[in-house]
Number of protein chains: 4
Amino acid sequence: MDTLWDKKEFLMIAGPCSVESEEQIVGIARAVKAAGAHMLRGGAFKPRTSPYDFQGLKEEGIRLLLEAKRESGLPVVTEITGVRELDLFEDVDVIQIGSRNMQNYELLKEVGRTGKPVLLKRGMAATLREFLLSAEYILAEGNPHVILCERGIRTFDDYTRNTLDLAVIPLLRGMTDLPVIADPSHGTGIASLVPPMALAAAAAGADGLMIEVHNHPEQALTDGEQAVTPEEYAALAQKVQAVRKAAGII
Amino acid sequence: MDTLWDKKEFLMIAGPCSVESEEQIVGIARAVKAAGAHMLRGGAFKPRTSPYDFQGLKEEGIRLLLEAKRESGLPVVTEITGVRELDLFEDVDVIQIGSRNMQNYELLKEVGRTGKPVLLKRGMAATLREFLLSAEYILAEGNPHVILCERGIRTFDDYTRNTLDLAVIPLLRGMTDLPVIADPSHGTGIASLVPPMALAAAAAGADGLMIEVHNHPEQALTDGEQAVTPEEYAALAQKVQAVRKAAGII
Amino acid sequence: MDTLWDKKEFLMIAGPCSVESEEQIVGIARAVKAAGAHMLRGGAFKPRTSPYDFQGLKEEGIRLLLEAKRESGLPVVTEITGVRELDLFEDVDVIQIGSRNMQNYELLKEVGRTGKPVLLKRGMAATLREFLLSAEYILAEGNPHVILCERGIRTFDDYTRNTLDLAVIPLLRGMTDLPVIADPSHGTGIASLVPPMALAAAAAGADGLMIEVHNHPEQALTDGEQAVTPEEYAALAQKVQAVRKAAGII
Amino acid sequence: MDTLWDKKEFLMIAGPCSVESEEQIVGIARAVKAAGAHMLRGGAFKPRTSPYDFQGLKEEGIRLLLEAKRESGLPVVTEITGVRELDLFEDVDVIQIGSRNMQNYELLKEVGRTGKPVLLKRGMAATLREFLLSAEYILAEGNPHVILCERGIRTFDDYTRNTLDLAVIPLLRGMTDLPVIADPSHGTGIASLVPPMALAAAAAGADGLMIEVHNHPEQALTDGEQAVTPEEYAALAQKVQAVRKAAGII
């Protein structure tokens, strides 16, 4: 993991919810790199609530993502949804395990055995103990490269997509050496809330942020309502560093 | 599914949390059959929160479960935790998808393609829509044999393992023709609450019950605190039929 | 309390959400008495989420409720929302403390000091310990006449008004001698779910039921969507007794 | 309210959970004033879950709080638990309505009619709509001086006292002109989490912070485990301003 990202640096991951086309993903990759991102995200295999919804470009999505990696120089992170896809992830830099699969232990073990960095998202109703023990399934395979990601939990609140539980950030700091990042895009589901909650996560001591960025949010195939534009992302990236300094973190 | 169980009958599934030994599973199988159960449950592949906890007897557990099937004549239901295990489930009558895997869509699709009956447990934080759309992943593979199982949701309540959400039973009756059963063992986590909540589920209109039964609950390797004895199960089974009659269901 | 209701009997409380007119409350009182109810409910002081919604007929509502008591012979239960109203409750048989006021300790103490029976509803996010300690505020005033009422908790579920948490019924049975009843009307918010959940509560061992009944649910000023008709109530009342017998409770 | 606090300034409220003695409250008042606080908090009437727990010094507590006000020059905020106490609050600057009484509408109306500033805490299971409509009960009495306070909601999370729901801060910003502050002390229940979550609230755009400060947290009669020392508070107060600047808020 050390070659991908200097752990002393705040990890900025950005990109669209789904890879949609070469033009889209390469364009966004260049824009977020210019804005200071260290890593490109983009979904190729999309775990969707309904089987009739767009399921991602799959193998072709991975191909386009790797094309964007070559064009931008950014390492890439993308979600895996099943063990049968593992071979396609050979050139992917960081494999993401999404919320729905946080307790898919067979997947955790196989991804663990690849030795690749794994970005593990907290499940919607996962306690801190369950979250850390899911990470342990990866670590127990001899793979120490796990990034924990708080992305909101399910509560009675219905005005945001999830309730971003930022207190886990300082809590986890006292329990583990693994990096802990936040995803304010899924954590709120509302683009206008992403910048303030991203800054809040930084102030709370997060090690990084995963943010959905789309050049045309209103045309996005998935989750456009929570995507910020590259311009908004660039403005946010600058503030994040200033907030961390002000909070005495760096 | 029709050869396994007459849909007009109330489905009684019983058995231990985990298959532990031939003596244990065969003994329980005979006891629950005598008490009126139609199907034997027993975990061979156990999805455990910690990688360091007992993970089930796996292949050997399936073998012992099938031995108990031969000895008792009861069809068997057991949980699958990954697609690589599918071949081992060839002689299993009903494949269970547990709560943690309710949104493991790759597993749902592959299990769907076997054409075998699938017992789908509701996820801990799944809405009714998400639950039904997970079933749809199986149905969309051309497999109509899905049994829905309410097993408790995660709420702020901490005095029970989960909050058994019985209102979904009459609600689902109006939304789908799939059978809906309840699991008061996981739904409460406390053996003394299993009988009253089992009767409550029956009164609410459930199509069946899945109950953990162990001949020596205090020695069970997993979840002994929520298991009832075969004697308690037999007493409960009789009341269930009486309650359904009194409620005007049969 | 003993003169109001024989504790060995299952307590059936019924009536409209709000007292609306003499004709309405007297008519419903007679109808629910004929259907087997032991007590009449009806709101005069209504704690409404918005200050601009109908707040109840207040003093006039109490007067009409007492008129219905005279006409039907049924004792009455109605909600209090503040200590300044206490004098108006002199002829009320049972004072209700609603969910919103479960931790309004000043009100609990003053109501406790009246010595009158108190029907205490569980708060939307109250743990069992908090619920019992709120009852203790009444008991500590030397008033042993408390009836506990489970009426649903707030969870992520959005397809019902609340999540009726029936496991508290057998749980409380082991913790207190106070009677425990259920309110499936607020517990579900949907009239068609009231009968199955009422039967479920009875099967789980409840000591009674509080159910909203309206002669014209579609014209009710408040909560009409969760009210059953007197005819539906009469049919339900009969099944309740049969279910209790079948469950071995009586 | 304008004479108490310049709305363009970030409102810093600090003080102990409970007023315990003259020495304690005057000492803390001076210390938090020196650290930059604008207002002193301290509970005299304590709404406690159990009737057998310390209920506050009541009238004497108010007297001591006003003594601390004279000594320090800081305006004071303290919680009211019932309408009968209103007369005692004549010299109190801001009246607090606690979470348990957020829907105690009779209290809201009477406090509204005093015309005094009211600090309204969100209920543990209150939606945003319910929170704003409770404020409306005060506003509708012609009293525009309401401060909204997010103090954590009740979720399945059990490692913190409550789940601080910071997304409501930017959300409320778009829905109301009322000031919105956060209480990270009750919001987490753990002193070490107070500074990071206070900074997170500031970064998210809060208008102020209410923080529990005690000179001897380990000897506090109530909630000592969530109190920071005056020294920790002073260090935090400085960072808060820097974070707000860095976030582009000031």
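The values are calculated or read from the model by the stated rules, or taken from the named source; none is laboratory data. Remember, predicted model here, so these are calculated numbers, not experimental data. Positions of Cβ are backbone-derived with ideal geometry, glycine not excepted, and every protein chain shown enters the neighbour counts.
Within region B:51-90, the set of residues being in contact with a strand residue (DSSP E or B) (Cβ under 8 Å, 6 or more places away or on another chain), within 12 Å of chain A (Cβ to nearest Cβ) and small (G, A, S) comprises just one member, B:G56.
If I filter region A:103-125 for residues that are polar (S, T, N, Q) and over 26 Å from A:L40 (Cβ atoms), do I get at least one hit? Yes, region A:103-125 contains a residue that is polar (S, T, N, Q) and over 26 Å from A:L40 (Cβ atoms). When residues in region D:141-172 are screened for being farther than 27 Å from D:V76 by Cβ and of a type in the set (K, R), 1 of them pass.
One residue stands out in region A:5-30 among those that are among the aliphatic types (A, V, I, L, M) and in contact with a strand residue (DSSP E or B) (Cβ under 7 Å, 6 or more places away or on another chain): the one that is surrounded by the fewest Cβ atoms within 10 Å (Cβ to Cβ), namely A:L11.
Residues being at pLDDT below 95 and more than 9 Å from chain B (Cβ to nearest Cβ) are represented in region A:138-158 by at least one member. The residues on offer are C:K46, C:K33, and the sole one that is out of contact with any Asp or Glu (no Cβ under 6 Å at 6 or more places or on another chain), closer than 25 Å to D:V83 by Cβ and charged (D, E, K, R) is C:K46. On the given criteria, is A:T155 among the hydroxyl-bearing types (S, T, Y) and either in contact (Cβ under 8 Å) with a residue 12 or more places away in the chain or assigned to a helix (DSSP H, G or I) (or both)? No: the conditions fail for A:T155.
I'd like to verify a number: residues in region D:119-133 that are assigned to a loop (DSSP other than H, G, I, E, B) and either touching a Leu at 6+ places or on another chain (Cβ under 8 Å) or more than 10 Å from every other protein chain (Cβ to nearest Cβ) (or both), how many? Looking only at that region, the number is 1. Examine region C:142-165 for a residue that is surrounded by fewer than 22 Cβ atoms within 10 Å (Cβ to Cβ), of a type in the set (A, V, I, L, M, F, W, C) and farther than 30 Å from C:A247 by Cα, and state whether such a residue exists. No; the residues of region C:142-165 include none that is surrounded by fewer than 22 Cβ atoms within 10 Å (Cβ to Cβ), of a type in the set (A, V, I, L, M, F, W, C) and farther than 30 Å from C:A247 by Cα. Here B:L66 clears all of (1) in contact (Cβ under 8 Å) with a residue 24 or more places away in the chain; (2) closer than 30 Å to B:R244 by Cβ except the condition numbered (2).
Annotation: C:G142 fulfils all but one of (1) more than 28 Å from C:E23 (Cβ to Cβ); (2) free of Cβ contacts under 8 Å to residues at least 24 places away in the same chain; (3) out of contact with any Gly (no Cβ under 7 Å at 6 or more places or on another chain); the unmet one is (2). Within region A:207-250, the set of residues being small (G, A, S), more than 17 Å from the chain's Cα centre (by Cα) and more than 17 Å from A:H38 (Cβ to Cβ) comprises A:A220, A:A235, A:A242, A:A246, A:A247, A:G248. The set of residues in region D:99-112 that are facing chain C (nearest Cβ under 9 Å) and either touching a residue at least 24 places away in the same chain (Cβ under 8 Å) or touching a Leu at 6+ places or on another chain (Cβ under 7 Å) (or both) comprises D:S99, D:R100, D:N101, D:M102, D:Q103, D:Y105, D:L107, D:L108, D:K109, D:E110. Residues in region A:61-108 that are surrounded by fewer than 19 Cβ atoms within 10 Å (Cβ to Cβ) and within 16 Å of the chain's Cα centre (by Cα): A:P75 only.
Return yes or no: is D:D207 at positive phi and touching a residue at least 60 places away in the same chain (Cβ under 8 Å)? No; evaluated as a whole, the condition is false for this residue.
With respect to the conditions (1) outside any helix (DSSP H, G or I); (2) of a type outside the set (S, T, N, Q); (3) in contact with a strand residue (DSSP E or B) (Cβ under 9 Å, 6 or more places away or on another chain); (4) free of Cβ contacts under 8 Å to residues at least 60 places away in the same chain, B:I147 lacks only one, and its number is (4).
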